Amino acid sequence: MRFADARTLISLCGAVLLSFTAACGGGSSSHSSTGGGSGSNTQAIVVNSGPDNNYANGAFITVTVCAPGTSNCQNISGVLVDTGSFGLRILSSALGSLNSALPQQKSASGAPAIECAQFVSSVLWGPVKTADVGMAGEKASSVPIQVIDASVAPIPAACKAIGPAEEDLASLGANGILGIGFFISDCGGACTTGSGNPGFYYACGGSSCQVMAEKTTQQVQNPVALFPQNNNGLVVQLPAVSAGAPTVSGSLIFGIGTQSNNALGSAQIFAPDNNGNLKTVFKGTTYEGFLDSGSNAYFFLDSRATGMPDCPSPESGFYCPSSPVSLTATNNSGSGSSATSTINFTIANANQLFSSSADFVFPTLGGPNPNTFDWGLPFFFGRSVFVAFEAPAGSGPYWAY
Amino acid sequence: MRKFGTWIVFLTPVLVLLWASPGFATLGEDASSIQADQVHLNASVRVVATQFYSVHEMNTPTGTTIRQYVSPAGQVFAVSWQGFSPDLRQLLGAHFDEYMAAASQTAHRGRGVHIETGDLVFDSGGHMRYVVGRAFLRSKLPSGVSRDEIR
């Protein structure tokens with residue numbers, strides 16, 4: 001993900017907003033029957049500049065983290081809502097004193113389990129710990145989460161060979177990441193073996209870390225899939241946005257077809273292929289695509305395929321057409337169903353968008369990503385996007401909208 | 001679709017490769033660096049020749065596919081990858097630091113990098129468990145080769 005780093009940042013009012021409360025799980029425990037999006041299975045999302053006051057198109061949420069089985073809890077705000085990853089990760093600085101109360105996961109030989117969480121062009125390094133994780137009226141017990149804390153052990157060379165480690169608020173732009181894509185564990189079967197292990201999990205004795213096999217249930221988990229109810233998936237619901245804005249509000253609704261506010265209705269089901277992608281057709285060519293609330297723009301193709309120039313440095317990760325460009329693409333299911341939908345979207349000049357210093361919500365922000373369609377947060381505006389989890393929690397994996 | 005030639009050769013990994021220098025190289029290096037990569041990555045290799053270059057395709061034990069594009073002069077002018085993230089230090093060689101600088105500057109959540117400022121063109125994207133990327137050197141692209149062929 002990229003962000004608008006060229007802007008002058010007015011700091012202060014954000015910082016780390018940690019409100020201390022004993023209300024573990026926060027919110028009502030009653031069940032809504034009104035379908036108005038305000039029931040106990042609904043947690044508010046805000047799209048704004050985030051806790052470091054510089055994030056473009058970041059969807060943030062508050063997560064309650066507790067020492068397992070206790071009322072020792074903290075509400076962590078400014079956690080990025082990310083359908084493109086799996087599992088909860090929180091900065092140690094945001095956890096504060098709660099960090100030491102969270103049990104450290106150990107390897108079979110008793111060494112601390114420390115994770116190199118691999119994102120596309122960065123890594124997060126830090127211990128796997130256990131916590132109760134709550135949102136709205138839901139709470140998952142004893143969930144393996146990652147505490148982002150590069151101080152626990154030196155980052156192994158193989159981990160650093162993937163990309164820079166984001167270790168703090170300044171580099172992450174968020175107090176954490178809530179990975180709620182359709183998989184339940186972050187690495188999956190590949191990390192359960194000795195050979196062919198991509199190296200997410202390390203057993204660290206002192207400063208010496210070795211890749212270790214990690215059972216899928218021990219891996220950092222999508223906490224929503226571990227809720228006692230409304231755990232088969234979720235809905236990301238954001239309003240339509242017609243122009244740049246400082247902030248918009250939406251909802252993360254837990255469950256699919258479990259309450260009156262999360263019925264699939266007429267939404268079409270897009271199942272992923274083996275790589276976790278659907279198919280996107282643009283000008284007659286089929287590309288891999290995916291729906292990712294954690295990407296802050298439409299990232300697709302390149303200037304040659306789209307005719308839109310990259311922005312000048314340092315914003316070369318975005319498109320800068322001279323005037324807004326209207327585009328059409330078609331999403332098809334990656335496997336199984338015959339779902340198809342046409343998407344009309346517009347890309348505007350990112351530098352011009354960023355020139356409005358008050359705005360951090362951009363429905364027309366786009367950037368290059370050759371041969372791929374990353375349907376980032378702007379895609380979610382004006383839609384209810386369903387994410388159905390894989391078994392055993394849900395009947396996915398699929399997206400629906 | 002790329003215009004592949006008609007012949008395909010399967011290179012049988014031979015023991016001597018295990019003794020190849022474990023040089024950290026590839027992009028911009030000569031083709032012998034691929035052998036070092038193959039050993040380092042414990043990968044099998046398939047070579048596909050086209051009119052203008054050959055593609056050395058590796059599949060690593062993690063299921064990651066890596067393609068290295070070799071010019072007639074024997075130089076690696078492009079690499080691409082898909083799957084779990086590969087060892088980019090190994091693949092990018094001398095250009096790794098450019099990638100790291102760009103990723104540190106613009107990546108705010110690790111969802112991709114686009115570099116197209118100097119000789120190096122670099123792109124990555126995707127999501128957790130599945131990363132797609134490519135890198136090439138503009139000055140080393142053989143004539144007649146489109147960047148669209150590198151994927």
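The values are calculated or read from the model by the stated rules, or taken from the named source; none is laboratory data. It should be emphasised that the depicted structure is a prediction, and the values quoted were computed from it without experimental measurement. Backbone-built Cβ (ideal geometry, glycine too); neighbour counts: all protein chains shown.
Of (1) modelled with pLDDT under 95; (2) crowded, with 19+ Cβ neighbours inside 10 Å; (3) of a type in the set (Gly, Ala, Ser), A:Ala170 satisfies all except one. Which?
All conditions are met except number (2).
Quick check on the range A:111-144: of everything there that is β-branched (Val, Ile, Thr) and under 28 Å from B:Arg89 (Cα atoms), which residue is farthest from the chain's Cα centre (by Cα)? Break it down stepwise before answering.
Filtering the range A:111-144 down to residues β-branched (Val, Ile, Thr) leaves A:114, A:120, A:123, A:128, A:130, A:133, A:143.
Retained after the next criterion (residues that are under 28 Å from B:Arg89 (Cα atoms)): A:114, A:120, A:123, A:128.
Numbers: A:Ile114: 20, A:Val120: 12, A:Val123: 14, A:Val128: 18 Å.
If we take residues in the range A:111-144 being β-branched (Val, Ile, Thr) and under 28 Å from B:Arg89 (Cα atoms), then A:Ile114 is farthest from the chain's Cα centre (by Cα).
Please count how many residues of the range A:369-398 are within 14 Å of chain B (Cβ to nearest Cβ), modelled with pLDDT of 95 or more and under 17 Å from A:Phe300 (Cβ atoms). It would help to see each step written out before you state the result.
Here is the first cut: in the range A:369-398, the residues within 14 Å of chain B (Cβ to nearest Cβ) are A:369-379, A:387, A:390, A:397.
Imposing the further condition that a residue be modelled with pLDDT of 95 or more reduces the set to A:373-379, A:387, A:390, A:397.
Still in the running and under 17 Å from A:Phe300 (Cβ atoms): A:373-379.
Residues that pass the stated criteria total 7.
So for the range A:192-202 (the condition being under 16 Å from the mean Cα position of the chain (by Cα), of a type in the set (Phe, Trp, Tyr) and not in a strand (DSSP E or B)), does at least one residue qualify? Give the steps one after another, and end with the answer.
Residues of the range A:192-202 that are under 16 Å from the mean Cα position of the chain (by Cα), as a first pass: none.
No; the residues of the range A:192-202 include none that is under 16 Å from the mean Cα position of the chain (by Cα), of a type in the set (Phe, Trp, Tyr) and not in a strand (DSSP E or B).
Right, B:Leu27: modelled with pLDDT of 90 or more and either in contact with a helix residue (DSSP H, G or I) (Cβ under 6 Å, 6 or more places away or on another chain) or surrounded by fewer than 20 Cβ atoms within 10 Å (Cβ to Cβ) (or both) or not? Steps first, please.
Values: modelled with pLDDT of 90 or more: yes; either in contact with a helix residue (DSSP H, G or I) (Cβ under 6 Å, 6 or more places away or on another chain) or surrounded by fewer than 20 Cβ atoms within 10 Å (Cβ to Cβ) (or both): yes.
For B:Leu27, the condition - modelled with pLDDT of 90 or more and either in contact with a helix residue (DSSP H, G or I) (Cβ under 6 Å, 6 or more places away or on another chain) or surrounded by fewer than 20 Cβ atoms within 10 Å (Cβ to Cβ) (or both) - is met.
Which of the residues that make up the range A:62-92 are in a strand (DSSP E or B) and either within 14 Å of chain B (Cβ to nearest Cβ) or modelled with pLDDT under 95 (or both)?
Pass one, the range A:62-92, residues in a strand (DSSP E or B): A:62-66, A:73-82, A:86-91.
Listed by number, the residues that qualify are A:Gly78, A:Val79, A:Leu80, A:Val81, A:Asp82, A:Phe86, A:Gly87, A:Leu88, A:Arg89, A:Leu91.
Being among the aliphatic types (A, V, I, L, M), surrounded by fewer than 22 Cβ atoms within 10 Å (Cβ to Cβ) and assigned to a loop (DSSP other than H, G, I, E, B) is the requirement here; does A:Ala263 meet it?
On the way: among the aliphatic types (A, V, I, L, M): yes; surrounded by fewer than 22 Cβ atoms within 10 Å (Cβ to Cβ): yes; assigned to a loop (DSSP other than H, G, I, E, B): yes.
In short, yes.
Out of the range B:101-147, which residues are at pLDDT below 95, within 7 Å of chain A (Cβ to nearest Cβ) and either in a helix (DSSP H, G or I) or surrounded by fewer than 24 Cβ atoms within 10 Å (Cβ to Cβ) (or both)?
Within the range B:101-147, B:Ala103, B:Ser104, B:Gln105, B:Thr106, B:Glu116, B:Thr117 meet the criteria.
If A:Ser242 satisfies every condition in (1) without any contact (Cβ under 8 Å) to a residue 24 or more places away in the chain; (2) away from every other protein chain (no Cβ under 14 Å); (3) of a type in the set (Gly, Ala, Ser) but one, which is the exception?
(1) is the only condition that A:Ser242 fails.
So which residues in the range A:93-118 are part of a loop (DSSP other than H, G, I, E, B) and in contact with a Ser or Thr (Cβ under 7 Å, 6 or more places away or on another chain)?
To start, the set of residues in the range A:93-118 that are part of a loop (DSSP other than H, G, I, E, B) comprises A:102-103, A:105, A:107-111.
Within the range A:93-118, A:Leu102, A:Pro103, A:Gln105 meet the criteria.
Give the residue, chosen from A:Thr70, A:Thr42, that is buried (at least 23 other Cβ atoms within 10 Å of the Cβ) and of a type in the set (Val, Ile, Thr). Before you say what the answer is, go through the steps one by one.
Working: A:Thr70 fails: buried (at least 23 other Cβ atoms within 10 Å of the Cβ).
Exactly one residue qualifies, and that residue is A:Thr42.
Please work out which one of (1) part of a loop (DSSP other than H, G, I, E, B); (2) surrounded by fewer than 24 Cβ atoms within 10 Å (Cβ to Cβ) is the condition A:Gln219 fails and give its number.
Result: A:Gln219 passes all but (2).
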